[in-house]
Amino acid sequence: MRDQLLRAGRVMHALSTLSLWISGVGLVAMTGIVAYQVFMRFVINSSPSWTEAGSIMIMSWFIFLGGAVGVRENFHMGFDVLLYVLPPGAKRWLRSISDLAVFAFAFSMVFFGGQLAIRGWTVTIPVVNLPQTFTYLPIVVSGFLMCLFSLERILLRLAGEPVDEPPAELVTEA
């Protein structure tokens with residue numbers, strides 16, 4: 001079981017890395033589009049209509065994918081204040097509760113975001129000529145990834161893996 005979880009962990013790491021790269025490329029692309037829009041508006045005096053909708057759509061992708069990466073890397077909100085005063089045995093339980101809360105929230109993102117995406121399929125965004133589903137799709141995709149990543153953390157913790165310890169490169173010796 002442990003070997004299967006570690007193998008799945010490599011797949012999750014690859015998904016997380018891919019999501020992070022897509023987010024980074026999206027951030028650069030959005031920055032370029034906004035710069036193009038500003039140049040066209042103030043220098044050429046002819047702003048393209050697609051730049052605002054396109055940059056907002058790209059922004060939603062990199063924000064939501066970045067959030068999913070944050071779940072995998074344990075940068076999401078948690079019960080950190082309580083962790084300092086609780087005994088070590090209780091910390092695992094509290095982190096598991098946190099991961100379960102993240103899973104429940106992410107599952108609702110998939111469910112309700114999926115409903116929005118299905119409803120938006122017949123509506124077209126005029127300036128980019130795409131179905132409105134593309135606006136809601138980042139919610140569904142990132143929610144699915146968050147479910148996977150939080151479930152991975154829970155299963156690894158149950159298998160006895162040290163998922164709650166900081167990575168070795170972040171630990172400094174005094």
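Structure summary
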item: Residue check, residue 123 touching a helix residue (DSSP H, G or I) at 6+ places or on another chain (Cβ under 6 Å) and under 23 Å from residue 59 (Cβ atoms); result: no
item: Enumeration of residues in segment 87-115 that are hydroxyl-bearing (Ser, Thr, Tyr) and either free of Cβ contacts under 8 Å to residues at least 12 places away in the same chain or farther than 15 Å from residue 139 by Cβ (or both); result: 96, 98
item: Residue 117, sole failed condition from (1) crowded, with 17+ Cβ neighbours inside 10 Å; (2) of a type in the set (Gly, Ala, Ser); (3) closer than 23 Å to residue 153 by Cβ; result: (3)
item: Criterion (among the hydroxyl-bearing types (Ser, Thr, Tyr), in contact (Cβ under 8 Å) with a residue 40 or more places away in the chain and closer than 26 Å to residue 139 by Cα) met by exactly one of 23, 55; result: 23
item: Test: residue in segment 88-99 that is touching a Leu at 6+ places or on another chain (Cβ under 8 Å), under 22 Å from residue 156 (Cα atoms), among the aromatic types (Phe, Trp, Tyr) and modelled with pLDDT under 90; result: no
item: Considering residues of segment 29-69 that are surrounded by fewer than 17 Cβ atoms within 10 Å (Cβ to Cβ) and among the polar types (S, T, N, Q) only, the residue modelled with the highest pLDDT; result: 31
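The values are calculated or read from the model by the stated rules, or taken from the named source; none is laboratory data. Not measured: the values here are computed from a predicted model. Positions of Cβ are backbone-derived with ideal geometry, glycine not excepted, and every protein chain shown enters the neighbour counts.
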